[in-house]
Amino acid sequence: MGKNFIITGAGVAGLTTGIALQKQGFNVKIYESYPEVKSAGAGIVLGQNALKALAQIGVDQDVIRAGKWVDQVKLKTSDGRLISSIDRSEVSLGDIRVLALGRAELHHILYSHLQENTV
């Protein structure tokens, strides 16, 4: 009989942990206090370490397809006036890239990789 794990919270961390444990053959149950599993927040930017972790659990390609690579960052005032801009081509980063996507989209992808009735 396999080990059972209980995770409290179906946020990004809880879902990611659940996927990783299921990939190792463990039984997982995730409990969420909200009646409907949904994400809070507008967006998220994932760096190389996050993408490597998602690759280890087999969800990186779905996340990459859903996101956009960040090539430029602009800082603006609340009325839209440009304060500063950084273009990736002007900074020596080698192969390092970051990916931006909607938090709700990331949440949906993670949820879809869990075994049925995990949450």
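The values are calculated or read from the model by the stated rules, or taken from the named source; none is laboratory data. Keep in mind it's a predicted model, so treat the numbers as computed, not measured. Neighbour counts are summed over all protein chains in view; Cβ atoms, including those assigned to glycine, are modelled from backbone coordinates with ideal geometry. Just the protein is used for accessible areas: all its heavy atoms, side chains included, with ligands, DNA and RNA removed. Shrake-Rupley method; radii C 1.70, N 1.55, O 1.52, S 1.80 Å.
Which of the residues belonging to segment 69-91 are hydroxyl-bearing (Ser, Thr, Tyr) and touching a residue at least 12 places away in the same chain (Cβ under 8 Å)?
85, 89
Which of the numbered conditions does residue 54 fail, given that it passes all the others? Conditions: (1) surrounded by 15 or more Cβ atoms within 10 Å (Cβ to Cβ); (2) farther than 17 Å from residue 11 by Cβ.
Of (1) surrounded by 15 or more Cβ atoms within 10 Å (Cβ to Cβ); (2) farther than 17 Å from residue 11 by Cβ, only one is false for residue 54: (2).
Output the residues belonging to segment 18-32 that are of a type in the set (S, T, N, Q), in contact (Cβ under 8 Å) with a residue 12 or more places away in the chain and open to solvent by 60 Å² or more (accessible area, probe 1.4 Å).
Passing the criteria: only 27.
What is the residue count in segment 63-110 for residues that are small (Gly, Ala, Ser), assigned to a strand (DSSP E or B) and surrounded by fewer than 11 Cβ atoms within 10 Å (Cβ to Cβ)?
Residues flagged as small (Gly, Ala, Ser), assigned to a strand (DSSP E or B) and surrounded by fewer than 11 Cβ atoms within 10 Å (Cβ to Cβ) within segment 63-110 amount to 1.
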